[in-house]
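Every number here is computed from the coordinates shown, using simple stated rules; none is lab data. Source: prediction; values computed, not measured. So basically every Cβ, Gly included, is an ideal-geometry build from the backbone, and we count neighbours across all protein chains shown.
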Amino acid sequence: MTEHAPYRIVILGGGTAGWMCASGLVGLLAGADYDITLIESDEIATVGVGEATLPHIKTFNDMIGIDEAEFMRETAGTIKLGIEFVDWLRPGVRYIHPFGTFGDRWTGADFQHHWARARLAGTDNRSLQDYSFAVAACHANGFEHPNSDPKSIRSTYSYAYHFDAGLYAAYLRKWATARGIRRMEGKVVDVVRDAESGDVASLTLASGAEVSGDLFIDCSGFRSLLLGQTMEVPWVDWSDWLPCDRAFAVPCTGVEPLTPYTRATAQRAGWTWRIPLQHRIGNGYVFSSRFCGEEEARQTLLGAIDGEALDEPRLLRFQAGRRQVGWAGNCIAVGLASGFLEPLESTSIFLIQAATIDLAGLIPRRGEKVDPRMVREFNRLFAVHYDRTRDFLVLHYTANERVGEPMWDHVRNMTLPDSLAHKMALFRESAAAPEYRLGLFSRDSWLSVLEGQGVLPSAANPLTHRLSAADLQARLDDLAERIVVNAADMTPHAEFLASYCASEAKARPGVPANAA
């Protein structure tokens, strides 16, 4: 039997994408079958995307064996139970997209149908927000690990993290290299392709070193050096639907209370983010250059922060969209090299995670060649993740009542992707919400933003009438009361952090503060 050499994987680029991909692969794959090298240059600055995350990251960390308390301590991490949206529907209105469920499934119908029935009958005027334990926990600034008893109201939520993007990449770098990832310092000056297949054969560094591989992972950021420039995979432009193309970012000193949620506040030409960390607050203004000048945006951001600015605002330029495919030949793009959908809803790290996990399940084994069927499946999943995320982000913009503001008028009146128009119409007509096995976001996430942005149902599932009106109201009252009582009894967020993962990190000028 022929003994094949380990399958050689070369990752181009460090930062969050490179080191998260490296950590995922070394944590998920059989070490003896794969030889993984990561090339990065300390002279090349990383964007530092992702200081706020989605609950999927806890699953990822648990899968590969990262210790939660250690990870949070070393990244100045805090808990994230959801995102508060301020003024998105119209000035003065706010709501929370929680990481948790809305109610229970009764009589074969999802909870929102029972809520819609009571609302339409005029017997219950509560918002969906009143039926989410995660929302109540956000308002109470509380956190405890979810209860393991599925019957407990305290089991009906999940959580994510806020963390320092620079410290996160450094943590993953240390974690991955300790488990066998080989790191090479250097800048790539040439990409050598196989004359016959067109695949990437090797990367030439400025030092003259040549790094060969079987599979190349492009984590080179917006440059997309391998998938975009070398393999010439086209860009799919979504800026007509997501017109924001600039962001200023700046850290500031922390203030009390230490909230367990991100805040996104609508502004004239975009929105500002606020991400509370243990040692500072990350802030930014995502805006459209078609509707706002850079100096105006800079001043808007500085006027919106809570504490003292720790640096000058840093400008990022981007375009919403994705590559036509994420895998071409023997090259796969992960992170910004594959696409970017702006920081709204903290999707960047999820898309890195999804690509890494999908790749780990489809990657060739020792002695195998790339299977075109695996490539097609990866690209199918790649499109699902990006396209469903796009629809969810566009919903936030298009469903607004900020009449008289040019950018908001534009997004309210634009032609929508057919897939999103269908989802919105279906909810209005029947209270049915998307329920995905793959991709973002969950049914409860869609419910929070649909209601929060004023998209309301005109009918409910007939199965709800298996409950009498009196029984339905009694159940609704009981659920709302249990949520209020239990949330009020939670450990304060700051107290939880102090006892579980207190960080010694200090706020430092010049540290990137990017991406809600």
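The angle separating the long axis of helix 15-28 from the principal Cα axis of greatest extent in the chain is about 90 degrees.
Potential lengthening of the chain between Ser289 and Ser148 amounts to 46.0 nm, from the contour at 0.36 nm per residue minus the alpha-carbon distance. On the basis of the beta-carbon distance and an R0 of 51 Å, Gln299 and Ser207 show a calculated FRET efficiency of 0.70.
Just need the Rg to Rh number for the stretch 152-284, please, alpha carbons only, Kirkwood Rh. Walk me through the numbers on the way to the answer.
Numbers: Rg = 20.9 Å, Rh = 19.5 Å.
Over the Cα atoms of the stretch 152-284, Rg/Rh equals 1.08.
Each part gets one Cα centre, and for the stretch 152-171 versus the stretch 312-368 those centres are 20 Å apart.
Largest first, the extents of the alpha carbon coordinates of the chain on the three principal axes equal 75, 54, 48 Å. Could you tell me which of rounded, prolate or oblate describes the stretch 365-516, using a ≥ b ≥ c as the square roots of the eigenvalues of the alpha-carbon gyration tensor, with rounded for a/c under 1.5 and, failing that, prolate when a/b is larger than b/c and oblate otherwise? Taking the square roots of the gyration eigenvalues as a ≥ b ≥ c, the stretch 365-516 is rounded.
Mean sequence separation of contacting Cα pairs (under 8 Å, at least six apart), scaled by the length of the chain, corresponds to a relative contact order of 25 percent. Taking the 0 to 90 degree range and rounding to the nearest ten, how far is the long axis of helix 111-121 tilted relative to the main principal axis of the chain, both from C-alpha atoms? Tilt of helix 111-121: around 30 degrees.
Helix 469-488 and the longest principal axis of the Cα set of the chain meet at an angle near 60°. Per-residue ellipticity at 222 nm from helix content only, as computed over the chain with -39500 (n - 2.57) for each DSSP H run of at least four residues, stands at -10500 deg cm²/dmol. Over what distance in Å are the Cα centres of the stretch 370-418 and the stretch 428-476 separated? When both Cα centres are located, 22 Å separates them.
Can you pull out the trypsin sites (Lys or Arg not before Pro) in the stretch 111-192 that DSSP calls coil and that have at most 15 other Cβ atoms within 10 Å? Can you show the working numbers first?
Values: sites: Arg117, Arg119, Arg126, Lys151, Arg154, Arg173, Lys174, Arg179, Arg182, Arg183, Lys187; in loops: Arg126, Lys151, Arg179, Lys187.
Answer by residue number: Arg126, Lys151, Arg179, Lys187.
For the chain, DSSP calls about 70 percent of its internal beta bridges antiparallel. Within a straight-line Cα-Cα reach of under 14 Å, Lys58 can be paired with the following aspartates and glutamates, leaving aside sequence neighbours fewer than 8 residues apart in one chain: Asp67, Glu68, Glu70.
For the stretch 418-502, rounded, prolate or oblate, judged on the Cα gyration tensor with a ≥ b ≥ c (square roots of eigenvalues), a/c < 1.5 rounded, else prolate if a/b > b/c? In terms of gyration-tensor shape, oblate.
Loop-located GluC sites (Glu not before Pro) in the stretch 155-236 (DSSP state other than H, G, I, E, B) with a sparse environment of at most 10 neighbouring Cβ atoms within 10 Å: Glu196, Glu232. Each semi-axis of the equivalent ellipsoid for the stretch 305-405 is √(5λ) with λ an eigenvalue of the Cα gyration tensor; in descending order they amount to 34, 18, 11 Å.
Any idea what the relative contact order of the stretch 309-370 is, in percent, if you count C-alpha pairs under 8 Å spaced at least 6 apart?
Details: 36 pairs, mean separation 15.8, N = 62.
Here the relative contact order equals 25 percent.
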